[in-house]
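Remarks on the structure that follows.
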Amino acid sequence: MAEGEKIIPINIEEEMRSAYIDYSMSVIVSRALPDVRDGLKPVHRRVLYAMTELGLGFNRPYKKSARIVGEVLGKYHPHGDSAVYDTMVRMAQEWSMRYRLVDGQGNFGSVDGDPPAAMRYTEARLSRIAEELLTDLDKNTVDFRPNFDESLKEPVVLPAGFPNLLANGGSGIAVGMATNMAPHNLSEVLDGTIAYIDNNDITIEELMQFIKAPDFPTGGIIYGYDGVKRAFETGRGRVMMRGKTNIEPSEKGSDKIIVTELPFQVNKANMIKATAELVKSGVIEGISAVNDESDRSGYRVVYEVRRDAVSNVVLNQLFKYTQLQSSFSINNVALVKGRPIVLNLKDMVKYYVEHRHEVIVRRTQYELDEAEKRAHILQGLIIAIDNLDEVINLIRGSRTPDEAREGLMSRFELSEIQAKAILDLRLQKLTGLERDKLKDEYNELMKTIEYLKSVLENKELRMQIIKDELTETKKKFGDERRTEVLFTNEDISIEDLIPNEEMVVTISHMGYMKRTPLADYKSQGRGGRGSKGAGFRQEDFTEYLFVAFTHNYMLFFTEKGRCFWMKVWEIPEGTRTTKGRAVQNLLYIEPDDKIRAVIPVNNLENEEYLNNNFILFCTEKGIIKKTPLEAYSRPRIKGINAITIDEDDQLLEVALTSGNSEVMIASTSGQAIRFHESAIRPMGRTARGVIGIRLSGKKDDKVIGMVSVADEESTVMVVSEKGYGKRSQVGDYRITNRGAKGVKTLQITDKTGKLIAIKNVTDQDDLMIINKSGITIRIAMDKLRTIGRATQGVRLIRLGAKDEIASVAKVAREEEEELAAEGEIEGEVIELSNEEISPDEPENENPDETGSEDEESNN
């Protein structure tokens, strides 16, 4: 080891982590992702800047590509020459760029994948539209930074006279992320940008009236609009592209399929070769020959169809098996203030307008500064001309220029700049005509200064300037759309054809589901006796019954912890007497699984709604879990795992909460716990959860229900298996820690049986109690008075010796009170009066007399 050197031990894990993060950020920021303002990666920006520094304007002679590549490498981009040349080549290819930024001369490759000629053979210069990106670069419109060796300066971003990111798109692979942005029609983009300036609150849907869809340089057809819409709204989407085809009769008496335009980024030669192989192997039938008849005028690929084949069938096979139909996966990731962000359509327009506004401000300030400097000099020259004889005598009498300058400054109160300008004045400026020109120039300059100051003071005026410049750009470079948009049946949503009506959704204990229009239920006077419904099997009964709109999503949760999705309108419609259709035939539910909860949600696309609502799970063993609704916002046909369930456990209840609710859980032993939802931290979708209530340890003790309540004014209803129950205030249950044993909610005896249900109710609710023999009792909650917590309660229904309550459901009266009375559920429907609901024995309002009242234990 040399003198003065020392070895510093470094943790290799930390060093590798640090080095990889540094490398990742370098690739993301300085190589792979475009800037949202000018739509360029650093290498593209450096090529264009180096070309403008070389004076390679669109109206100047071409220069060798090798000369340009050398300029970029030596001054701004210290990487391989192939990286720079490949970049320049792509910017010159009309099938790669919607609006070429480089005007190339020579062989720059072909759509068949032929490579370009070496850089020593080709020549290039800036295209006309590229100069719009560089306009006003010399007017301090953007920041400059040192190059790699700090010997020169390069622009951080270009002024960008048009939204290049939208117009030309781009692609790149960084570390851990990638971008793939589609090109668009410049006329549409400029119209959309102007519309955004006019109304900053414009919606994406309204913007899509101007920017209709991607517009690829190779033309073709966008087949289906759903992917385009999704990409515009979220920044990610999959656009299906097809080549433009037509069927013509051939001279042989058969048909031929003519392809005149290709999908974007499809290699024509490879496509023809792959098609020939598929025809040879018999995958595609009905084609006798494939010919490439393309020339300078455009693409023309001809598929000869056999006489015994149907042309449309052959064409569909080509779409299915070849690149004549391909997809473009949009992933709008760009750098915004140095950070990679996924951008929707409005985001890209907004950030461009913000950038352009900053350019206008800086350009105006620069022009104002320059105008004021010139006006200052003109003021001095005019003073000198007005006092010409005295100025000449002063200069003539001075021994040195410095003495003359000092004399002018002191005599006429001029600045050093003005005095120097007078000394540099040419004699021809002293003529009368030139004197008038100076005064005219000064007067015009003062008007310009006044206008520039007004621009800086008025944002609306600056925005009008942006609009005027964009309009002028559209006149110069706007063109017609090349890519046709073909709507499919999938784009016409069936949901749009279905009115958003209220539906009564019922799911029976045996798993039969249906929906019935709420309007179909006739009003019926209260107290009547209903009829038996003919639809259900004798041992079946309605277990879930609620009202939802046809456009709502339904989330189905099963005992095994699976989650499934369905729109309400997708549920089969039935009458009051039909039993519906088995859930197993509508959802991918395993035969031994069962629906445990159904939750209607408004939509699965509003991010604020998804992130501010939670799904709360509770299992029979007292495990509870809270997960953001967003985790269940991506429907899959075969469902997903919603919660991990232990082998000896099963999902019992699921609720939708806002994050500010209180949770109550009850067990068969008559214990109930109340705690705030904040005691449960949000977890991932497949997490198991935490202990919500600690059970007694008895073999048959289990959780029978969970409710979420908003405040202490709410009431809860508990029901036992022998027909007893009571309604109590939530405030009677004091708040404890999550995981405690809870407090007594019902005095459990042999006469009451175990607790089987807990529901949160209001005076506007009815309770439907269904016993195993099929009898249904409907109880109005406003007729059931609120009583103490640790009491035995009142008898709600008289049961036979061997009968027990099978199910308890809560029904909103104003919407569904006719359901039971109209025979919705198998069995009699009886409405009880307040007199019929009476204690079987005196209530015990003193908790201390019921035995142990509070059996709590904290974790």
Determine which single condition residue 731 fails, assuming it passes every other condition in (1) part of a loop (DSSP other than H, G, I, E, B); (2) open to solvent by less than 50 Å² (accessible area, probe 1.4 Å).
(1)
Hey, residue 40 open to solvent by less than 10 Å² (accessible area, probe 1.4 Å) and more than 36 Å from the chain's Cα centre (by Cα) or not
no
For the range 134-157, indicate whether the set of residues that are within 30 Å of residue 293 (Cβ to Cβ), aliphatic (A, V, I, L, M) and touching a His at 6+ places or on another chain (Cβ under 9 Å) is non-empty.
no
Among the residues of the range 135-161, write down those that are open to solvent by 10 Å² or more (accessible area, probe 1.4 Å) and touching a Pro at 6+ places or on another chain (Cβ under 7 Å).
135, 136, 137, 144, 148, 153
Just to be sure before I move on: is residue 403 more than 60 Å from the chain's Cα centre (by Cα), of a type in the set (D, E, K, R) and either on the phi > 0 side of the Ramachandran plot or open to solvent by 50 Å² or more (accessible area, probe 1.4 Å) (or both) in the structure I sent?
yes
Matching residues, the range 737-756, being among the polar types (S, T, N, Q) and either closer than 17 Å to residue 786 by Cβ or crowded, with 20+ Cβ neighbours inside 10 Å (or both):
745, 747, 752
Which is farther than 30 Å from residue 671 by Cβ, at pLDDT 75 or above and surrounded by 14 or more Cβ atoms within 10 Å (Cβ to Cβ), of 578, 558, 619?
578
So residue 202, is it within 23 Å of the chain's Cα centre (by Cα), in a loop (DSSP other than H, G, I, E, B) and touching a residue at least 60 places away in the same chain (Cβ under 8 Å):
yes
Going through 442, 366, 451, 351 one at a time, which residue ends up being of a type in the set (Phe, Trp, Tyr), under 60 Å from the mean Cα position of the chain (by Cα) and more than 29 Å from residue 37 (Cα to Cα)?
442
One residue is enough: does the range 784-807 have a residue meeting the conditions of a type outside the set (Val, Ile, Thr), part of a strand (DSSP E or B), under 16 Å from residue 728 (Cβ atoms) and out of contact with any helix residue (DSSP H, G or I) (no Cβ under 7 Å at 6 or more places or on another chain)?
no
Looking at the range 700-728, which of its residues are hydroxyl-bearing (Ser, Thr, Tyr) and either surrounded by 22 or more Cβ atoms within 10 Å (Cβ to Cβ) or in a strand (DSSP E or B) (or both)?
708, 715, 720, 724, 728
Given (1) in a loop (DSSP other than H, G, I, E, B); (2) out of contact with any Phe, Trp or Tyr (no Cβ under 9 Å at 6 or more places or on another chain); (3) closer than 30 Å to residue 198 by Cα, where does residue 425 come up short, assuming only one miss?
(3)
When restricted to 469, 372, 441, the only residue in contact (Cβ under 8 Å) with a residue 40 or more places away in the chain and either of a type in the set (A, V, I, L, M) or in contact with a Leu (Cβ under 8 Å, 6 or more places away or on another chain) (or both) is 441
Go through the range 207-223 residue by residue and tally those that are farther than 17 Å from residue 480 by Cα and open to solvent by less than 10 Å² (accessible area, probe 1.4 Å).
1
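Quick grid of which residues meet (1) of a type outside the set (A, V, I, L, M, F, W, C); (2) more than 22 Å from residue 334 (Cα to Cα); (3) assigned to a helix (DSSP H, G or I):
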{"residue": "176", "(1), (2), (3)": "yes, no, no"}
{"residue": "180", "(1), (2), (3)": "yes, no, no"}
{"residue": "190", "(1), (2), (3)": "no, no, yes"}
{"residue": "206", "(1), (2), (3)": "yes, yes, yes"}
{"residue": "216", "(1), (2), (3)": "no, no, no"}
{"residue": "231", "(1), (2), (3)": "no, no, yes"}
{"residue": "241", "(1), (2), (3)": "no, yes, no"}
Of all residues in the range 406-437 being open to solvent by less than 80 Å² (accessible area, probe 1.4 Å) and among the hydroxyl-bearing types (Ser, Thr, Tyr), which is farthest from the chain's Cα centre (by Cα)?
431
Look through 90, 125, 100 and report the one residue that is touching a Pro at 6+ places or on another chain (Cβ under 8 Å), open to solvent by 10 Å² or more (accessible area, probe 1.4 Å) and at pLDDT 95 or above.
125
Spans of strands (runs of 3 or more DSSP E) in the range 246-353 with at least 3 residues free of Cβ contacts under 8 Å to residues at least 60 places away in the same chain and out of contact with any Phe, Trp or Tyr (no Cβ under 9 Å at 6 or more places or on another chain):
301-305
Does the range 195-206 contain at least one residue that is open to solvent by 10 Å² or more (accessible area, probe 1.4 Å) and either among the aromatic types (Phe, Trp, Tyr) or within 15 Å of residue 38 (Cα to Cα) (or both)?
yes
Could you list, in sequence order, all residues of the range 171-186 that are open to solvent by 20 Å² or more (accessible area, probe 1.4 Å) and in contact (Cβ under 8 Å) with a residue 12 or more places away in the chain?
173, 175, 176, 177, 178, 180
Contact list please: Cβ distance under 6 Å, first residue in the range 139-163 and of a type in the set (D, E, K, R), second residue not in a loop (DSSP other than H, G, I, E, B), pairs at least six apart or on different chains.
139/363; 139/366; 153/144
Search the range 757-783 for residues being of a type in the set (S, T, N, Q) and open to solvent by 10 Å² or more (accessible area, probe 1.4 Å), and hand back the single one that is modelled with the highest pLDDT.
760
Is there any pair with a first residue in the range 5-31 that is among the aliphatic types (A, V, I, L, M) and a second that is assigned to a helix (DSSP H, G or I) whose Cβ atoms are under 9 Å apart and which are 6 or more apart or on different chains, and what are they?
29/42
Taking the range 391-416 and keeping residues closer than 19 Å to residue 439 by Cβ and part of a helix (DSSP H, G or I) leaves 391, 412
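The values are calculated or read from the model by the stated rules, or taken from the named source; none is laboratory data. Quick caveat, the model's predicted, so the values are computed rather than measured. In this analysis, Cβ positions are derived from the backbone assuming ideal geometry, glycine residues included, and neighbour counts consider all displayed protein chains. SASA here: full protein model, heavy atoms, side chains in, ligands and nucleic acids out. Shrake-Rupley method; radii C 1.70, N 1.55, O 1.52, S 1.80 Å.
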